[in-house]
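Take a look at the structure below.
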Amino acid sequence: MPHLFPSIDRYILRLTIVPMLGVFALAASLLTLDKMLRLFDFVAVEGGPVGVVFKMLGALIPEYASLAIPLGLLLGVLLAFRKLATSSELDTMRAVGLSYNRLLRMPYLITLVMVALNIMLVFYIQPISRYYYEQMEYELRSGALGASIKVGEFTTIADRMALRIEESEDDGRKLIGIFARVANAKGQVLSISAREGAFLATRDNPDTIILRLTEGTIIQDTGMSGQTPRVLSFSRHDLPIDLPAIEAFRARGDATREYILPELLRIGWSDESPAQARDASLASFNFRLVEIVMMFLMPLLAVALAIPPKRSTSALGVFVSIVMVVAYHKINQYGEDIASLGRLDPILAFWVPFAVFAGLILWMYYRVAYVPGGQAIGALETAFAKLSKQVGKLFRRRRPGASTTAAAPAE
């Protein structure tokens, strides 16, 4: 059975797919690790369970994937063609009549798959997952995810109760050294100390939990002047605690980035929508669309920057490619902020920079593919080579010269 693709396409596929997946995994991991550290700090401050950190990171994966896919595609194609160029395989392919356009057949098939995946992420999966992330953050702040009592610190519950626990054992099931101060609207105050305790759930009312105390003392202050507080000792005492009411989280769509594609179009093209909502929806739609369309130019940019000068192994093109993609993404983010405020038309905010960037990429690809000996960043390569030589001279260890001294004639 003949292969679906010629051997040259399968070879380029192998060269492209491995670095592309590696860059994608590396970029997503770096973004995730950076966010993980901040989430651990946030959860620790709010006193929530550690497991919610991984749920929140899972909700952010689509957002990070939409950023890592274009970068992985670019560097995957770039590193594949750079390997072909530095090993002189590219010269052999060109000598037998294979043009750059022909060699880009497989990278563009990969691009189509990545574009389809990114469309699903950007327009459908990412808005919903972002909403779930905001929901978990809200529930963590409000205590719906089970805020914990910090050991050794006073914790205020329902504004009328202060609780302090000296030690916690068995994952919080056993509490040691408990002090609680409970006040009511009449000014009566209970000061309770106990050797041990544990939290128990109630079946009848889920908004109330029981703090079961063992071997302690209660001091009751009625708040009346001249009356001595009463002191009671107990072997076991159940203290009901009313949990604060938790408001329902808002509906999806409070932020524009939480809208999926049909919702963006419905709001942006409806005359009945407020002007601010239309501007924000159109800005978000054009921002997502222009980022996806730019992916079709990534293989051309990769090839233009992958070919180093002859007899050179310079990796300057890799650095330039990352700078260009990140800079263009930041320009689009700035354009979204301005367009969402209605200060600039989305055509000017997004598609004019796209036209400039696309024209630059097409010119760079033309220089490499159609101009004999052409280089997309030849001037930068020359300047970089000169700079490298100067820096090398500064750090090069001087070798002492052989000093020859004339022998004095014997007397």
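The values are calculated or read from the model by the stated rules, or taken from the named source; none is laboratory data. For clarity, every value in this text was computed on a predicted model and none was experimentally measured. Using ideal geometry, Cβ is built from the backbone for each residue, glycine included, and neighbour counts are taken over all protein chains shown. The area values use the complete protein model at the heavy-atom level, side chains included, leaving out ligands, DNA and RNA. Shrake-Rupley method; radii C 1.70, N 1.55, O 1.52, S 1.80 Å.
Only Cα pairs within less than 10 Å get springs; with that Gaussian network setup on the chain, which residue of Q188, Q333, Q135 has the largest fluctuation?
Q188
To the nearest 20 Debye, how big is the dipole of the chain about its Cα centre, given +1 on the beta carbon of each Lys and Arg and -1 on that of each Asp and Glu?
2180 debye
May I ask you to give the solvent-accessible area per residue for the chain, in square angstrom, as obtained with a 1.4 angstrom probe? Spell out each step's value before the answer.
Numbers: 24340 Å² over 411 residues.
Value for the chain: 59 Å² per residue.
Which percent of the accessible area of the chain is formed by carbon and sulfur heavy atoms (probe 1.4 angstrom)?
60 percent
Run the numbers on the chain and let me know its relative contact order in percent, using alpha-carbon pairs under 8 Å that are six or more apart. Write out the running numbers ahead of the final one.
Values: 541 pairs, mean separation 55.0, N = 411.
About 13 percent, as a whole number.
Pick from I361, I322, I192: which is most flexible by mean-square fluctuation in a GNM of the chain where alpha carbon atoms under 10 Å apart are linked?
Most flexible of the set in this elastic network: I192.
Show me 79-88, 267-276 ranked by packing, highest mean number of other Cβ atoms within 10 Å first.
The packing order, highest mean first, is 79-88, 267-276.
Answer with one residue from F354, A339, M364: the one whose Cα lies farthest towards the positive end of the charge dipole of segment 335-396, charges on Cβ with Lys, Arg +1 and Asp, Glu -1.
M364
Given 37 °C and 0.692 mPa s, how large is the Stokes-Einstein diffusion coefficient of the chain in µm²/s, with Rh as the Kirkwood radius over Cα pairs? All intermediate terms of the calculation are to be shown ahead of the outcome.
Details: Rh = 27.5 Å.
D, rounded to a whole number, is 119 µm²/s.
Quick one: putting +1 on the C-beta of Lys and Arg, -1 on the C-beta of Asp and Glu, what dipole do you get for segment 1-134 around its Cα centre, in Debye to the nearest 20?
In total the dipole reaches around 440 debye.
List the lysines whose Cα sits under 30 Å from the Cα of K55, skipping any in the same chain fewer than 8 residues away.
K55 reaches K35, K150, K174, K330.
Using Cα positions and a limit of under 14 Å, work out the aspartates and glutamates in reach of K83, with same-chain residues fewer than 8 apart set aside.
D91
Which lysines have a Cα less than 20 Å from the Cα of K389, not counting those fewer than 8 places away in the same chain?
K310
Have a look at G335, G51, G72 and tell me which one the Gaussian network model of the chain (Cα, springs below 10 Å) gives the largest fluctuation.
Maximum among the listed residues: G51.
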